[in-house]
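Below is one structure, written out as structure tokens; comments come after it.
The values are calculated or read from the model by the stated rules, or taken from the named source; none is laboratory data. Keep in mind it's a predicted model, so treat the numbers as computed, not measured. Methodologically, a virtual Cβ is constructed for each residue, glycine included, from the backbone with ideal geometry; neighbour enumeration extends over all protein chains shown. The protein model used for the area step is the full one, side chains on, heavy atoms only, and it has no ligands, DNA or RNA in it. Shrake-Rupley method; radii C 1.70, N 1.55, O 1.52, S 1.80 Å.
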Amino acid sequence: TRRQNRNLRDKMKSESKVRVIRNNREVELSSKELVPGDQVLLPTNGGYTVECDSVLVEGSCVVNESMLTGESIPVTKVTIPDEQVKFNYDQQRQYILYQGTEVMQGKS
């Protein structure tokens, strides 16, 4: 619907402070300063809006993707296996956190 499109567009313009590991150091910066290779540290208490598409490399989380899919049931995301298989975006969605979605709960 038009309202969902507007909400998604607004979320994509959002900016917040994020904790990342960059150059082997933990730093806090604006989400607009994120670059490929940054490791975003997600809070485990939930209520966090994902600021960029990311691959989950440690832990697991429950994510509300309803703003993208319209599905009302939260989705569980798990750590990507440490395999030597080439990453395939379409086949490995269970490891991907999408921008604008909400992390409802996390485990490290």
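A few points about this structure:
- The dipole here belongs to segment 18-108: it is taken about the Cα centre, uses +1 on the Cβ of Lys and Arg and -1 on the Cβ of Asp and Glu, and is about 120 debye.
- Packing, taken as the mean count of other beta carbons within 10 Å per residue, orders the peptides 27-38, 82-93 from highest to lowest as 27-38, 82-93.
- Here the Karplus relation 6.51 cos²θ - 1.76 cosθ + 1.60, evaluated at θ = phi - 60°, turns the backbone of segment 38-50 into coupling constants of 5, 9, 7, 8, 8, x, 8, 7, x, x, 9, 8, 5 Hz, with x for every Gly and Pro.
- Residue list for segment 46-70, given a label point 7 angstrom along the Cα-to-Cβ vector of Leu29 and an amide N cut-off under 16 Å: 51-53
- HN-Hα J in Hz across segment 88-94 - Karplus 6.51, -1.76, 1.60, θ = phi - 60°, x for Gly and Pro: 10, 3, 6, 9, 10, 5, 5
- Inter-centroid distance (Cα atoms) of segment 69-86 relative to segment 92-108, Å: 7
- From helices alone, the chain scores -3500 deg cm²/dmol at 222 nm; the rule is -39500 (n - 2.57) for each run of n ≥ 4 DSSP H residues, then divide by the residue total.
- Residues whose placed amide H lies under 5 Å from that of Gly46, excluding near-sequence neighbours: Gly106
- Percent carbon-and-sulfur accessible area, the chain, ignoring ligands, DNA and RNA, probe 1.4 Å: 46
- Solvent-accessible surface of the chain, taken per residue with a 1.4 Å probe and all protein chains present: 71 Å².
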